[in-house]
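Remarks on the structure that follows.
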Amino acid sequence: MDQPKALPTNYVTQPDKIATSKGKTVRTEEMIINMGPQHPSTHGVLRLEIIVDGEIIVDAIPHIGYLHRCFEKHAEHMTNYQQVIPYADRMDYVASMNNDWAFALAIERMMKIEVPERVEYIRVIMAELQRIASHLVALGTYGIDAGAFTPFLYCFRDREEILDLFEMTCGARLLYNYIWVGGVSHDLPQGFIEQAKEFCTYFKPKIKEFNDLLTYNEIFIKRTAHVGVLPRDVAINYACSGPMLRGSGVHWDLRRDDPYSVYHKFEWEVQTGKGEVGTVGDCWDRHIVRVREMEQSVKIIEQALASIPEGNVQSAIPKRIRPEPGDIYVRTETPRGELGFYVISDGSGSPYRVKARGPAFVNLSVLPEISRGAMIADLTLIVGSVDIVLGEVDR
Amino acid sequence: MTAQELLDTLSSRFGSAILESKLDVNQPWIKIDGNRAREICLFLRNEPSTRFDYLMCLSGVDYNDGTLGVVYHCSSMEHKHKIVLKAICSKDNPHCQSVSAVWGTANWHEREAFDMFGIIFDGHPDLRRILLPDDWEGHPLRKDYKVQEFYRGIRVPY
Amino acid sequence: MELLQHIGLEQNLLTIVLVSALPLVFILLYALVTLYLEMKVSAHIQDRLAYMRTGWHGVLQPFADILKLLQKEDTVPAAADRFLFKLAPFVVFAGTYAGFAAIPFSSAYIGSNINLGVFFIIAASSLVVIGILMGGWASNNKWSIFGAIRSAAQMVSYEIPTALAILIAVMITGSLNLQEVTQYQSGGIQNWVVFGGSLPLTQKLLILPFTLLTFFILFIASIAEVNRTPFDLPEAESELVQGFNTEYSGMRFAMFYLAEYANMFLVSAVAVSLFLGGWSSPFGEALSGPLWDLFWFVAKGMFLVFVQIWIRWTLPRLRVDQLMYTSWKVLTPFLFLCVFAVGLILVL
């Protein structure tokens, strides 16, 4: 498949000449508009250079790098592999638990460490809670992009319950440094399981309330159906993952298809977009995939809470982490998609090279493909449906 | 398909472009000639028995012995197998063929490898810096990188 | 005017000017109340409390907001067209305020008792479009121009459903003068135009669905006239930062804001006078009199303003082409149907 040509950086708008009846010519030009880096709706410091013809977008070029914090260079200078975990937290700051887990999993696989089963259950519970919290942020801000200001507040109210659970466990609300190589930093406190069960019962009707308010609202459907359609083969070719890929109808979820941890012990379903109110792969499909994933996460949490075994969560944490020289690539399913860490070890105590493959970075690269021909008002919703977090895009 | 079968398929078809391999590790890798990367990847993507349609990751590496490397992690959604390809180039003349025509996602990954390591991908449609400002000097993730003193009048090391 | 007679003053230039400035006083008081109302209503819809510490439950917050806006730096962008930039908020406000002249606040007070009342209101409030275009163009900012163009297109298209709905009310009541229209509807809730006006029972039952539909369409079109969600694309925060308002700060911004609130009340007042009985009491003769009339009028107007605020915080916004589609292909045909039906029923 041939690549579409990217516009050169010295793009000059092309005037169109229209001849009028009196022999004079009228010129129309395309306009280059800048959206960002500071903009209420680009979810962070993203600069979009949009070339428009009236209201129709001819091309949308993302410029990133405003939040580049040199994660990979820092990781090379750490004296200990465990020290990289707080940095990994800060990449995708909305879904920290999942970042920690991906890195810890990479080192554990490289050193062939077996973690206790209780640790696996705790990790699953935390990751799924984090998935719900991250989707709540994504859905709430998506409502604001569409103009509905109220669902955002409802989502954050529910997210507070999850953050209370996290604070109870490890003391932090956003960046946890909780999942370490070989285990977790603290065991579940007393009262966590009851509170988590209460949260699950509390949260299920809230999803229905959110759907009634936003998802099935006629105006919202009109704004998001048939908009930003991502065809299946383009999604796979551009290595999209997570709700972007599943919204296009591809049945692919790393928790099931490239399994890790104890996900195989729980009953849950992979949600895909079916084009219920529009085309398969439009913004509404990605939105409904996220909503339904929240429901499935609640299911997984309930099952995990019911069957969590006893054990010591710190027994497998190695005193000294010195993997054999070699390299490994491990990927996990975060709320945004496939987060992969490629770690090269040279036998010493600090990593030789850590490459973080952020799902938001890869998902964002498909933006020009799906927004050609849309209107400027649609672009906001398309960017919102990609669900980017700039910390992960820029690392 | 096992890694040995894959290596055999590739060797029989591309012969001299397949350099080394190590198949007995957790994630077996095959070293290929960087100047023929595009044909090899196109074959891997289109061939029905391999069908590597998903490029998981493309990373640049500095091996600290005068060479830079590009590591491709490919997977197949159909056959659920994975392979790692490595291409080596020298630091003085770092060229590798671009695979952005094979997988669209390679476009940004290659730009990042260029930005961080200075590896020039031949045939890339728009090779320019992605994470750093366009007028930054140097390639930061190289092991011998010295940060510049001043950037547009701002003192960089603090 | 009747008001001067009621309070026993003689008519000369000074008293006439003072009495004509009464709507301005009303607008300022109403703006304070509506600022508070918007803050509290939006907060309770979003499951939170708004300001609780400035005064009891935040009643002094509107004053604090106004003081803050008053002391802000007055910035004019360097490349902006200074004259138009400074003039725009005043043109917008003038357009709205002119419409207040023909609104009957009470049986004893109407600014200007002209026979073309509602026609004058529609014409004068079109000045707002010019002001918005001025503001957007003079800001020298691509996003402002986008906002201004969208706003102009939107307001002009939604004048059609507004005018048609007003036409239906005028057909039933027989006059363009709002004072007479209100007097036609006095005598109790059953005489309100939205319930059919004072017609014989069979005609009333036939006309009832059409007048209800017309009232709802008028309300929707009036939300679009005021640029509020779901029709607030011109000032869509998520896209255009603040639309044509982007470069305005301090008192100029406050002027735009005041004009928007005044416009909200203006269109509610028109809808109330034409359809909901204006200043007449719903109980007929009970609870009526010049001051009671003022109370009923303001209460009904504020109720419609409350509904506008309620809708703003519930619904997402329409895209600009969907907005146009709604106006031209949905609201207008329905209203044509209503005009035809109402005319037919009145003739029978």
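Annotations for the structure displayed:
- Restricted to the stretch C:216-256, and to residues there that are in contact with a Leu (Cβ under 8 Å, 6 or more places away or on another chain), modelled with pLDDT of 85 or more and small (G, A, S), the residue that is most open to solvent (accessible area, probe 1.4 Å) is C:A254.
- Checking every residue in the stretch A:333-348 against the condition of being closer than 20 Å to A:H43 by Cα, polar (S, T, N, Q) and either more than 8 Å from chain B (Cβ to nearest Cβ) or touching a residue at least 40 places away in the same chain (Cβ under 8 Å) (or both) gives at least one match.
- Residue check for A:A133: touching a residue at least 60 places away in the same chain (Cβ under 8 Å), crowded, with 24+ Cβ neighbours inside 10 Å and in a helix (DSSP H, G or I): no
- Helices (runs of 4 or more DSSP H) wholly inside the stretch A:38-116 containing at least 3 residues that are buried (at least 22 other Cβ atoms within 10 Å of the Cβ): A:84-89, A:96-111
- Of all residues in the stretch A:349-369, those satisfying the criterion of being within 17 Å of A:R109 (Cβ to Cβ) and at the interface with another protein chain (Cβ under 9 Å from one of its Cβ atoms) are A:Y352, A:R353, A:K355, A:R357.
- Number of positions in the stretch A:296-315 that are touching a residue at least 40 places away in the same chain (Cβ under 8 Å) and either within 17 Å of the chain's Cα centre (by Cα) or open to solvent by less than 20 Å² (accessible area, probe 1.4 Å) (or both): 7
- The set of residues in the stretch C:102-116 that are open to solvent by less than 50 Å² (accessible area, probe 1.4 Å) and either aromatic (F, W, Y) or at pLDDT below 85 (or both) comprises C:F105, C:S106, C:S107, C:A108, C:Y109, C:I110, C:G111, C:S112.
- Residue within the stretch C:277-291 that is in a helix (DSSP H, G or I) and surrounded by 20 or more Cβ atoms within 10 Å (Cβ to Cβ) present: no
Here's the yes/no breakdown for (1) more than 14 Å from chain A (Cβ to nearest Cβ); (2) in contact with a strand residue (DSSP E or B) (Cβ under 8 Å, 6 or more places away or on another chain); (3) open to solvent by 60 Å² or more (accessible area, probe 1.4 Å):
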| residue | (1), (2), (3) |
| --- | --- |
| B:S16 | yes, no, yes |
| B:N26 | no, yes, yes |
| B:P48 | yes, no, yes |
| B:S59 | no, yes, no |
| B:K82 | no, yes, yes |
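- Residues in the stretch A:247-276 that are surrounded by fewer than 17 Cβ atoms within 10 Å (Cβ to Cβ) and away from chain B (no Cβ under 14 Å): A:V262, A:H264, A:K265, A:E267, A:E269, A:K274, A:E276.
- The set of residues in the stretch C:69-91 that are open to solvent by 10 Å² or more (accessible area, probe 1.4 Å) and assigned to a helix (DSSP H, G or I) comprises C:L69, C:L70, C:R82, C:F83, C:L84, C:K86, C:L87, C:F90, C:V91.
- The residue of the stretch B:122-155 that is farthest from the chain's Cα centre (by Cα), among those that are within 12 Å of another protein chain (Cβ to nearest Cβ) and hydrophobic (A, V, I, L, M, F, W, C), is B:V147.
- Condition check for C:S273: of a type in the set (G, A, S) and open to solvent by 20 Å² or more (accessible area, probe 1.4 Å): no
- Here is the figure for the stretch A:284-295: residues that are without any contact (Cβ under 8 Å) to a residue 40 or more places away in the chain and surrounded by fewer than 24 Cβ atoms within 10 Å (Cβ to Cβ) total 1.
- Residue match in the stretch A:341-361 (condition: crowded, with 24+ Cβ neighbours inside 10 Å, outside any helix (DSSP H, G or I) and on the phi > 0 side of the Ramachandran plot): no
- Hits in the stretch C:149-172 (condition: modelled with pLDDT of 85 or more, within 21 Å of the chain's Cα centre (by Cα), open to solvent by less than 30 Å² (accessible area, probe 1.4 Å) and of a type outside the set (F, W, Y)): C:A152, C:Q154, C:M155, C:S157, C:P161, C:T162, C:L164, C:A165, C:I166, C:I168, C:A169, C:V170
The values are calculated or read from the model by the stated rules, or taken from the named source; none is laboratory data. Note that the coordinates shown come from a computational prediction; the quantities given were computed from them, not determined experimentally. Because the Cβ atoms are built from the backbone with ideal geometry, glycine has one as well, and the counts that use them run over all protein chains shown. What goes into the accessible areas is simple: the full protein's heavy atoms, side chains included, and nothing from ligands, DNA or RNA. Shrake-Rupley method; radii C 1.70, N 1.55, O 1.52, S 1.80 Å.
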